[in-house]
1. Quick one: what are the phi-derived ³J(HN,Hα) couplings along the range B:326-341, Karplus 6.51/-1.76/1.60 with θ = phi - 60°, whole Hz, x for glycine and proline?
2. Could you please state, rounded to a whole Å, how far the C-alpha centre of the range A:205-269 is from the C-alpha centre of the range B:295-311?
3. Cut-off 10 angstrom, C-alpha nodes, Gaussian network model of chain B. Which of B:Ser62, B:Ser246, B:Ser119 fluctuates the most?
4. Using only the Cα atoms, what convex hull volume per residue in Å³ does chain B have?
5. Cα convex hull of the range B:5-148: mean projected area in nm², to one decimal?
6. Give me the Kirkwood hydrodynamic radius of the range B:121-240 in Å, from all C-alpha pairs, to one decimal place?
7. Please name whichever of B:Pro144, B:Val155, B:Ser119 sits farthest to the positive end of the charge dipole of the range B:92-187, dipole taken about the Cα centre and charges placed at Cβ: Lys and Arg +1, Asp and Glu -1.
8. For the range A:225-238, what does the Karplus curve 6.51 cos²θ - 1.76 cosθ + 1.60, with θ = phi - 60°, yield as ³J(HN,Hα) per residue in whole Hz, taken in order and with x for Gly and Pro?
Amino acid sequence: MRKLAVDVVVIGGGSTGAGVVRDVAMRGYSAVLVDRADLGQGTTGRFHGLLHSGGRYVVSDPLSATECAEENDIVTRIQSSAVETTGGYFVTCPGDDPEFADKFLAGAAATGVWAREVSVSEALRNEPRLNPGISRAIEVKDGTVDGWQLVWGAANSARHYGAEILTYHRVTKIETSGGAVTAVRCIDERRGEELVIDTNFVLNCGGPWAGQIAAMAGAHPVEVVPGRGIMIAMNHRLVNRVVNRCIYPADGDILVPAHTVSIIGTTDVKVDDPDHLAIEPNEVQQMLDAGEVLVPGFRASRALHAWAGARPLIKDDRVSASDTRHMSRGMAVIDHTTRDGLDGMLTIGGGKLTTYRLMAEHIVDAMCDKLGEQRECRTAREAIPGSESGRTHKVSDRLAEREEDRFDSQIICECELMSRKMFVDAMNAQPEASFDDLRRQLRLGMGPCQGGFCSTRATGIAHADGRLSAEQATALMRLFLKNRWIGLWPILYGEQVRQTALDNWIFATLDVAHLPEPESEVTA
Amino acid sequence: MSRVVVIGAGLAGLVAANRLADAGLAVTLLHKGLGGLQLGQGSIDVFGYAPDRVLNPIKAVSQVATSHPYAATGSSAVLDGLAYLKQELPELLVGDPEANYQLPTAVGSVRPTCLAQPSMIAGHVRDGAELVIVGIRQLKDFHPQLVAENLSRTVLPDGGRLSARHVWVDLPARDGEVDSSPVGYARAFDTEAFRIAFATALSPQLNGDEIVGLPAVVGLTDPKAWRDLAGKLGHLVFEIPLPPPSIPGMRLNQALTARALAANVRIVPGVRTHAFSTVAGRVASVTTAAGPGGRTYPADAFVLATGGFESGALELDSHQVVRETLFGLPLTGVGDGALLHGDYWGPEQPLFRVGVSVDDRMRPVDPWGAPAYPNLWAAGGILAGASGWRELSGDGIAVASAVAAAAAITKELS
């Protein structure tokens, strides 16, 4: 058993937890973040990549709209390397109420969200694949953000301020004594070792898993209602700006250009278990139909991958009126002192990735209040490491980098232009990573071939590096291919079937199915 | 006018065209892309897994279910086709229909195949063999350390064990390159100068009687390149196939194409055949998308050798409907439930068994067993009822069905 002692333990390595641990560390507290898996493996890694301008909420949720507009500016400034400032359109499609655009413009003016109506011809000139039947178009400052880079950026910033980030550490119990938190018990999943972290404060940032975590402290049940949303990545950028339907927020009304793909989203279905999110055929068809409204011919485009995420919605009648100071629309801080008579724990739920920094500020402010301390939040002022220049991401960045180093390093993933050096550096930085963990940071296997060429290269390199035995490397490859398939088969049609068949022939040439079996299958 | 039009230039199309031309028929071969040979391993698989590892492929052929393409072709067409390939391409294919080679792959599996290139067969795994697997730093699709370690921990099909180690050679295909393609290396190995440089770099690293495993890039146009290198090294060498582009596959493709041209097959590359016409229930012509209005090719007989999903011969649309894309032929294997499932390492996806069913003369049939068109034949990956990459049976099915179809057409037209 290993022991640590810190001021604050942050549970959950999504955007909220990463933002919180950064904020806590910047305010001078010693802190540890624990997550049962890798950073950004839950909801944060399973959204569409939209950095809201606020436009989506100008009519339905004005407070959120203002928050989004403000936070969009801040995130673009402090995490510029994770953000692409694509801009966006809200368009009135055939059959949509054209008067909603008037409400939209009025709402934007009232909430401080920048918006400007442009002519249909200008919109179609800039986005030629848009439905030519649109009747109105409003330009907004939507952008896209890479959730994994956002989380890793915040986590690295926190490390810089002395925090420790412990991935693959599953919390088993939150110890209490005399009505106050005393320690967090975890299992180090990679070593099978127990870790006990003595602390007086726990910030529960578990998102859809927040209820399960609160229960570990013996708190009254926190009712989390995970809302499942599916997203589909289409090959290429069908649009270069975020395109939203100019309607009251609904399913399948956003198309987001992210890196080399465009992502259509999303649905909202209540589910019981955030660990088991199905990608239902009817929802896939619903997304394809929705895509067809925005971009005619959408169905004939190539779908690459689908995934489902769970919104972290907390429905809790026990949140008392005294908490509202730290609550705003869409996010909620639960004070377990007033609610459960338990000191030293706060839970946060709701919110959205765009406002992750603000959520962190709210919950850490609340913690400082409870501790009776005045420590100022500085997260909005300082850029995270790697974003100091303020230069935002461009889709062409990797191409420029590979042009630069093409005589120095091999290209291991042609689809996503990932070099051997990028892969080796990431392995060295995270020696215990699975290929999926590396994928989230490098986009390994996320392009059209979905691992057909790069998966065996990654295996060979990981093994040649000496860190893994052939058996371990082979087991990681088997897991990687299995996980790729989870997001492939629900959307497998058209050109992607052709790719899958080619991949199957390649794997037959290599006979990967008959590599000597590992002693035990790797499952995470 | 040709008497027969063959559509598709994979192994099935090339064998069919050659056999028909050999029988004295005027043949036109239409093809859109490269043909599947250049994407495969460059050996001839007949039956590798059924589902256990197959030692005697022709015996496995004789034991298939009635829905399998081999049931339509019969074992004799397989034997006929294999004998034909060995006879026509003696420098490129050797082997025994009754005994698979068991050859190392580029990740270190042991892969069964029936006919192999002479440059590959020293790799056939044997108890007590000592192998040294040679990587080239600038060639990213070959992992010598992984090959060696996986082979070393493998119990061989005969229960034995071999030992394998790895070494590296640092030699760019062209000066300054760090990321050379297999084709770049194959062209380099075609030159004596590069073989000398390679042998000079490798020789000091070799011990005793070690058998030397190399990535399959040792020469593209010079069929003796590998023998020359082996002589220079003074060791037995063997080539291990890589992912596409496949140099051994390109060798087979070049040889079969050259043979077809020599037999007066008219080859029209780079054209997609997209339409057809009928007269009195027979196929009268097919039309390619070449130039305005396309170009029409009438014939007495047509061979559909367009492949499967990988080539676009079969298509699954976003509403989950499968279609044969040229003739809209009736398909077997659809409508029996879900086409796909989520278990990647589990049973074969039913989708990939979908294809056309044929009668005993290799003509596509409707659900009642009647030929869709009396003068349309099918061969290769378009056939229903097998999963070539899972059984490692794709080449054998292609060759046997092409031989059987060519025989039926020859009989019909003469």
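1. For the range B:326-341, the Karplus-derived couplings read 9, 9, x, 5, x, 10, 9, x, 9, x, 9, x, 4, 7, 9, 9 Hz, x marking Gly and Pro.
2. 46
3. Evaluated over chain B, the most mobile residue of the options is B:Ser62.
4. Cα convex hull per residue, to the nearest whole number: 154 Å³.
5. 10.9
6. Hydrodynamic radius (Kirkwood, Cα pairs) of the range B:121-240 is 14.5 Å.
7. B:Pro144
8. After applying 6.51 cos²θ - 1.76 cosθ + 1.60, I find 10, x, x, 7, x, 9, 9, 10, 8, 9, 4, 6, 9, 5 Hz.
Bear in mind that the values in this text are calculations on the coordinates, not laboratory data. Nothing here was measured: the structure is a model prediction, and the numbers come from that model. Note that each Cβ is placed from the backbone with ideal geometry, even for glycine, and that neighbours are counted across all protein chains shown.
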